[in-house]
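The values are calculated or read from the model by the stated rules, or taken from the named source; none is laboratory data. Keep in mind it's a predicted model, so treat the numbers as computed, not measured. Ideal geometry is used to build each Cβ from the backbone, glycine not excepted, and the neighbour counts take in all protein chains shown.
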Amino acid sequence: MKILERQATTIGGRDGIIKDTQSTIELKLAKPQEMGGKLAKGTNPEELFAMGYSSCFASSIEFLLQSSKQAYEDIEVTVTASLVKDGDSGFKFEALVNAKIMGVTKDIEKKYIEMAYQFCPYSKAIKGNVDIKFA
């Protein structure tokens, strides 16, 4: 059963624009300097991936905490996405996830972060394809 569907369109490549049809957000894309780009204001797929994964992971923690009626104060998830060479087959992502749940013990925090990793749609989508480390 489909719960929701969203669509985004990119026009141009690394120096194009990306538009979301639901929220009407439009962002300028800019090739990172590390890839030969100029110092320009704009985002890139790596930043968008990190943003999407961190928000999805935080939402998963929130859902699990609320579903089990576990009290907490706040959630913070930082994802550092790295683009690395993948031998002769191009590039791949690596990600460092730093998740914090304020207002719970370290044991409860660890339990819910592990549960969120199994629950999060992004985690499921990239499992086996992206090397994930936890801070």
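Are any of the residues in the range 47-56 of a type in the set (F, W, Y) and assigned to a helix (DSSP H, G or I)?
yes
Let me spell it out: the conditions are (1) in contact (Cβ under 8 Å) with a residue 24 or more places away in the chain; (2) in a strand (DSSP E or B), and V77 meets all of them except one. Which number is the exception?
For V77, the failing item is (1).
Exactly one condition in (1) surrounded by fewer than 16 Cβ atoms within 10 Å (Cβ to Cβ); (2) more than 25 Å from D20 (Cβ to Cβ) is false for I101; which is it?
Of (1) surrounded by fewer than 16 Cβ atoms within 10 Å (Cβ to Cβ); (2) more than 25 Å from D20 (Cβ to Cβ), only one is false for I101: (1).
Scan the range 104-112 and tell me whether some residue there is under 29 Å from E34 (Cβ atoms), out of contact with any helix residue (DSSP H, G or I) (no Cβ under 9 Å at 6 or more places or on another chain) and not in a helix (DSSP H, G or I).
no
Condition first: farther than 22 Å from P121 by Cβ and either modelled with pLDDT under 95 or of a type in the set (D, E) (or both). Now tell me which residues in the range 17-29 satisfy that.
T24, E26
Filter the range 30-53 down to residues that are free of Cβ contacts under 8 Å to residues at least 40 places away in the same chain and under 16 Å from P121 (Cα atoms) and give me whichever is surrounded by the fewest Cβ atoms within 10 Å (Cβ to Cβ). Let's see the steps before the verdict.
Within the range 30-53, the first condition is being free of Cβ contacts under 8 Å to residues at least 40 places away in the same chain, and the residues that meet it are 30-45, 47-48, 51.
Those left that are additionally under 16 Å from P121 (Cα atoms): 48, 51.
Working: L48: 15, M51: 13.
Checking each candidate, the answer is M51.
One residue is enough: does the range 102-121 have a residue meeting the conditions within 15 Å of the chain's Cα centre (by Cα) and either among the basic types (K, R) or modelled with pLDDT under 95 (or both)?
No, the range 102-121 has no match at all.
Right, E62: modelled with pLDDT of 95 or more, of a type outside the set (A, V, I, L, M, F, W, C), surrounded by fewer than 14 Cβ atoms within 10 Å (Cβ to Cβ) and at negative phi or not?
no
Yes/no matrix, rows are residues, columns are (1) closer than 19 Å to A135 by Cα; (2) of a type in the set (A, V, I, L, M):
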{"position": "M35", "(1), (2)": "no, yes"}
{"position": "F49", "(1), (2)": "yes, no"}
{"position": "S55", "(1), (2)": "yes, no"}
{"position": "Y72", "(1), (2)": "no, no"}
{"position": "L96", "(1), (2)": "yes, yes"}
{"position": "A99", "(1), (2)": "yes, yes"}
{"position": "M102", "(1), (2)": "yes, yes"}
{"position": "K110", "(1), (2)": "yes, no"}
{"position": "M115", "(1), (2)": "yes, yes"}
